[in-house]
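Read through the structure below, which is laid out as structure tokens, and then see the notes.
A short reminder: the numbers here are calculations on the coordinates, not readings from a lab. Since this is a predicted model, take the numbers as computed values, not measurements. Note: ideal-geometry Cβ built from the backbone for every residue, glycine included; neighbour counts use all protein chains shown.
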Amino acid sequence: MTLWIDKQRPPERLIGPYLVRVLDSLGYKARLKHVKYFFPPTPTTASNQFLYGALGDPRLKTQIGGTIGWNPDWPSASNFFSTELTCASYKHPIGDDNNPAEFCNPSIDREIAQAQALQPTDPQAASALWTTIDHQIVNQAPLLFTWNSDAIDLVSRRVGNYTYNPWTGVLLDQLWVR
């Protein structure tokens, strides 16, 4: 088994050797392949030179690899599941794929559509269905998250109306300083 890792980004470069040791301890004969991350490969570049292209290229048969990750565009379960883990998100041409795990489960797709339809009218029922969907996908393990990024903002007592956005960080236009 070959673990494809971005050779330029410190988190992936540092965690790669550790993940190879973990895979070895689980009985896999793992090795590390360092490639550049490029989003997405252009028609003039070979996809096996770039991590994003390699993970999305079924011809290369990559088994495991690390990507930069995913940040939601808005705080909703659908932003994670429908963009990364549906049959519709697994599409080609090569390099134009949000679903390098090639995860496609029509039954879960139907549940995702149902949860999206419920969200505006019955958020509680939608939340319960999103929880079920989450458990089903976790049990099939198409993705493995190795870390969550974290940020700390320090402000003085003179700062007011501090507002944090999980995607963009502190909202500077909302702050006031005494």
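How much net charge surrounds residue 133 when only the other residues with a Cβ under 14 Å from the Cβ of residue 133 are counted, with Lys and Arg +1 and Asp and Glu -1? Computed value for this residue: -3. Taking amide H as placed 1.01 Å from N in the peptide plane, the amide H of residue 64 sits under 5 Å from that of 2, 4, each at least 5 places away or on another chain.
Peptides 160-173, 122-135, 77-90 ranked from most to least packed give 77-90, 122-135, 160-173, packing being the mean of other C-beta atoms within 10 angstrom over each peptide's residues. On the principal axes of its alpha-carbon atoms, segment 74-146 has extents of 38, 24, 23 Å, going from largest to smallest. Tell me, what HN-Hα J-couplings in whole Hz come from the Karplus equation 6.51 cos²θ - 1.76 cosθ + 1.60 at θ = phi - 60° for each residue of segment 160-174, using x for Gly and Pro? Computed from phi, the couplings for segment 160-174 are x, 6, 5, 10, 10, 10, x, 9, 9, x, 5, 8, 4, 6, 9 Hz.
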